[in-house]
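K.L.:
Input: one structure, supplied below.
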Amino acid sequence: MTTTSHPISLDTPSYLQTGASGLRSWVTSTDHKRIGILYLATMVTFFLVAAVFGVLMRIEQLTMGPTIMTAQSYNVLFTVHGVIMIFLFVVPGLPAVFGNFFLPILIGARDVAFPRLNLASWYFFLAGALLAVLSLFTGHGAPDTGWTFYAPYSLRTGTNVTLAVFAAFVLGFSSILTGINFITTVHRLRAPGMTWFRMPLFCWSVYATAWVQLLATPIVGITLLLVIFERLFGIGIFDPAKGGDPLLYQHLFWIYSHPAVYIMILPAMGAISEIIPTFAHKSIFGYKAIAFSSMSIAGIGSLVWAHHMFTSGMSEFGNMVFSLLTMVVAVPSAIKVFNWTASLYKGSIDFRPPLLFALTFIFLFCIGGLTGVMQGALAINQHVHDTYFIVGHFHYVMFGGTVMAFFAALLYWFPKMFGRMCSARLVYLSWFPMFIGFNMLYFGMLVLGYQGMPRRYYDHLPQYHAGHVHATIGSWLLAAGVVIFFVALVAALLRGRKAETNPWGGVTLEWKVSSPPPVENFLEIPTVTGPPYDFKAEETA
Amino acid sequence: MSSGHGSDAVAHRDYLGAKIGMWLFLVTEIILFGGLFIGYSYMRARYPLEFHSASHELSVLIGVLNTVVLLTSSLTMALSITAVQKGDSRKTRLFLVATVLLGVLFLVNKSIEWGAKFHHGLYPNSALMGTKPPGEQVFFGLYFSMTGLHGLHVLVGVVLLGVMLILIMRERIHQHDFVKLENAGLYWHLVDVIWIFLLPLFYLAA
């Protein structure tokens, strides 16, 4: 980023040092950076808990018949694993953590447009999280519907669905408020000279995400409210016995929950678009194509929801329309992948841990995306619907895509956020088991699903046994990799080498403020005079 | 906030930003109700006759009366904002109190109406409801959900306007900084607009 002034602020105290340091000063802070860290701490906690649930499910599938739990516990585990991972980690993950921390810095602002609303969003998030946890231990048993809460089972089950659904509603509220905040921030608080096409691509993707959060979340909000009304008062809208229609529930649910997939992946793509140019020391290839593909993913992605329902009994014509649109949404995603690889071409590549995870993202996301296109075809969909193929596919996209990008972004921005460098050796050490275990587990699931193993089954037939053992061993390797990864981060936090202002040689604005940044980021708001990834101008400057 | 940490030190007044934020929020409200309107259209297309006959059970008089009440309250809301822009604090408060009272009147009417329905045994899961054809059950399910959620919004609006009244008394809202009142007014108008759609869909469907 070319700027007229270089607002380097080495002598000013960082946001970590300024003000009181007790817990109270954190939970009452309206500083976007501290709020980002609050989200990070909350989310990583929930991620690790839900990951343990995932490993427990895999252990259950290690042998045929009961292994370590009852069938009902298994139902609860896949429900809670999904609810936590989706609503508490993957959906809010990148925007709430890195969007909060870096969006204002990247556009040259001192904070988001509504700092107090921002803190309120975190409290809504925390409240939703606590309600979700509460739903496990109160009422008549933890929810067992799967994270999709499909009617009519979600209306009939005696388990504590009402509270879990209300938790998701509150989390949605948090997501909407964050979206409103980011859109207003991008419109109102860009620094002088920071035109739309000088914004770093992460800002574009967070902006596109914020629109999806805003436009899609209210639909799931009302749907979940209706489920609560059904359970409390028996209004009958989704209940076939009273003239209602469960298919209406599925439509309303996926009108939100498919766009939510793009809420999960768009900011991840944005982070990758920041990391690639920095480590290739070269401007991103096709800046505008990437920016517009973010917006078109947000647009087209809102029109494909019914591809989750090809076997639910929709009309033939409806199926064909949604199948076509599903194929179309792959185009902007592919544009991004080609642009990233083209950006690396003839770059002077500096191979560091964040780049390794960014490349891992591209590789795994491609498998996830291509299996997605497969399922978009109606004939294949009939065969693989509700099998492990689906589970494998969305873990490639969500875990291989979003979570790997989350890890990449965490490694990339860790020095800036905490002022410490992370040991590259430990991170590389974590990568090998993670990558091998990941593919053993989820590619194993793709194969199992293609062979016909249905998802959400407590037990399996002998012909799937070898595949299940293979996948379970993969899950152990994957878990070991994740543990080493977080050990590396905690070790860096405690006694990592001090980070310089610009450890990776990046040129966007966050690398011009000290590590960690001071309160309010800039002593003087910078004036931007050039495009975002202008490495040549930076060298001559 | 403790020790002035964060942005409080640079708390700036961004009039346009505050308006953008409010409009975005209103968009989410419209979509929230939009989900219900989608459900309504689908169910009405499926059960046209049942919707027609069930609608006879609703009192057009109370429905229209409440429409007049809400429309008038939107007028007094607008007058209150005009008054604050002109710096007339007395009229601002007067019209705002009128708006709040009209909002309360709407809720009183609504509760009388709902009370009568309950008295006749017309509520979800009631014995009488169980004997009705499925389409009529869905009609009442939607009626209670949509007017109920709308009533909740009126209640929130009344509380919000009450808070605005306090802010005006404490001179936190005045001629040179009235965006909060304007935004509260926008919310109030939205609640009004949604009612204007509910009236024909339920009361005039017969």
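K.L.:
Pull out a ≥ b ≥ c, the square roots of the eigenvalues of the alpha-carbon gyration tensor of the protein assembly as shown, then state rounded if a/c is under 1.5, prolate if not and a/b is larger than b/c, and oblate in the remaining case.
P.N.:
Details: a/c = 1.97, a/b = 1.18, b/c = 1.67.
Because a/c hits 1.5 or more and a/b fails to exceed b/c, the protein assembly as shown counts as oblate.
K.L.:
Using only Cα atoms, find the angle between the long axis of helix A:32-60 and the longest principal axis of chain A, and express it within 0 to 90 degrees, rounded to the nearest 10.
P.N.:
Taking the Cα atoms of chain A, the angle to A:32-60 is about 40 degrees.
K.L.:
Note down the magnitude of the dipole of the protein assembly as shown about its Cα centre, charges +1 on Lys and Arg C-beta and -1 on Asp and Glu C-beta and zero elsewhere, to the nearest 20 debye.
P.N.:
On the way: 41 positive and 32 negative charges, 191 e Å.
I would put it at about 920 debye.
K.L.:
What's the exposure ranking of B:TRP188, A:TRP196, A:TRP476, going from fewest to most Cβ atoms within 10 Å? Display every interim value, and only then the final one.
P.N.:
Values: B:TRP188 27, A:TRP196 12, A:TRP476 16.
Least crowded to most crowded, the residues run A:TRP196, A:TRP476, B:TRP188.
K.L.:
Quick one: putting +1 on the C-beta of Lys and Arg, -1 on the C-beta of Asp and Glu, what dipole do you get for segment B:69-181 around its Cα centre, in Debye to the nearest 20?
P.N.:
Values: 10 positive and 5 negative charges, 57 e Å.
Here the size comes out at about 280 debye.
K.L.:
Now, a different point. B:LYS86: which lysines have alpha carbons under 19 Å from its alpha carbon, excluding same-chain residues fewer than 8 sequence positions away?
P.N.:
Excluding near neighbours in sequence, the set is B:LYS180.
K.L.:
Would you mind counting up the charge near B:MET164? Only other residues with Cβ under 13 Å from its Cβ, with Lys and Arg at +1 and Asp and Glu at -1. Can you show the working numbers first?
P.N.:
Working: positive: B:ARG93, B:ARG170, B:ARG172, B:LYS180; negative: B:GLU171, B:ASP177, B:GLU182.
Neighbour charge sum, excluding B:MET164 itself: +1.
K.L.:
Still on this model: Using only the Cα atoms of segment A:494-539, what do you get for the radius of gyration and for Dmax, in Å?
P.N.:
Here Rg and the maximum Cα pair distance are 12.4, 39 Å.
K.L.:
Turning to a different aspect of this structure: For chain B, what's the relative contact order in percent, using C-alpha pairs closer than 8 Å and at least 6 residues apart? Each step should come with its number before you reach the end.
P.N.:
Values: 169 pairs, mean separation 67.9, N = 206.
Once normalised by length, the contact order is 33 percent.
K.L.:
What ranking do A:GLU539, B:GLU50, A:GLU500, A:GLU230 get, fewest neighbouring Cβ atoms within 10 angstrom at the top? Present the calculation step by step, with values, prior to reporting the outcome.
P.N.:
Values: A:GLU539 10, B:GLU50 20, A:GLU500 14, A:GLU230 27.
With the sparsest Cβ surroundings first, the list reads A:GLU539, A:GLU500, B:GLU50, A:GLU230.
K.L.:
Oh, and also: What's the percent breakdown of Cα-Cα distances in segment B:38-156 across 10 Å bins, shortest bin first?
P.N.:
12, 34, 27, 15, 9, 2
K.L.:
Could I ask something else about it? A:LYS242: which aspartates and glutamates have alpha carbons under 16 Å from its alpha carbon, excluding same-chain residues fewer than 8 sequence positions away?
P.N.:
List returned: A:GLU230, B:GLU50, B:GLU136.
K.L.:
Separate question: What's the local net charge at A:MET445, with K and R +1, D and E -1, over the other residues with C-beta under 15 Å away?
P.N.:
Numbers: positive: A:ARG58, A:ARG455, A:ARG456; negative: A:GLU60, A:ASP386.
That works out to +1.
K.L.:
Just for the Cα atoms in segment A:20-114, what are the lengths along the principal axes, largest first, rounded to whole Å?
P.N.:
58, 29, 17
K.L.:
Now, a different point. Compute the acute angle (0 to 90°) between the alpha-carbon long axis of helix A:161-188 and the principal axis of greatest extent of the alpha-carbon atoms of chain A; round to the nearest 10°.
P.N.:
In chain A, helix A:161-188 runs at an angle near 30 degrees to the longest axis.
K.L.:
For segment A:68-203, what value does the Rg/Rh ratio take when both radii are computed over Cα atoms and Rh is the Kirkwood radius, given to two decimals?
P.N.:
With Rh from the inverse mean 1/r over Cα pairs, Rg/Rh is 1.13.
K.L.:
Only counting other Cβ atoms within 10 Å, I'd like B:HIS153, B:HIS120, A:HIS140 sorted with the fewest neighbours first. Mind dumping the intermediate values first?
P.N.:
On the way: B:HIS153 19, B:HIS120 11, A:HIS140 8.
Arranged by neighbour count, lowest to highest, B:HIS153, B:HIS120, A:HIS140 become A:HIS140, B:HIS120, B:HIS153.
K.L.:
For a test of the definition: using alpha carbon positions, the gyration tensor, and the 1.5 limit on a/c, classify segment A:380-447 as rounded, prolate or oblate.
P.N.:
On the way: a/c = 6.43, a/b = 2.34, b/c = 2.75.
In terms of gyration-tensor shape, oblate.
K.L.:
If you don't mind, there's one more thing I want to ask. Calculate the all-directions average of the projected area of segment A:329-428's alpha-carbon convex hull, and give it in nm².
P.N.:
Values: hull surface 31.8 nm².
Directional mean of the projected Cα hull area for segment A:329-428 stands at 8.0 nm².
Every number here is computed from the coordinates shown, using simple stated rules; none is lab data. The structure presented is a predicted model; accordingly, all values stated were derived computationally and were not measured. So basically every Cβ, Gly included, is an ideal-geometry build from the backbone, and we count neighbours across all protein chains shown.
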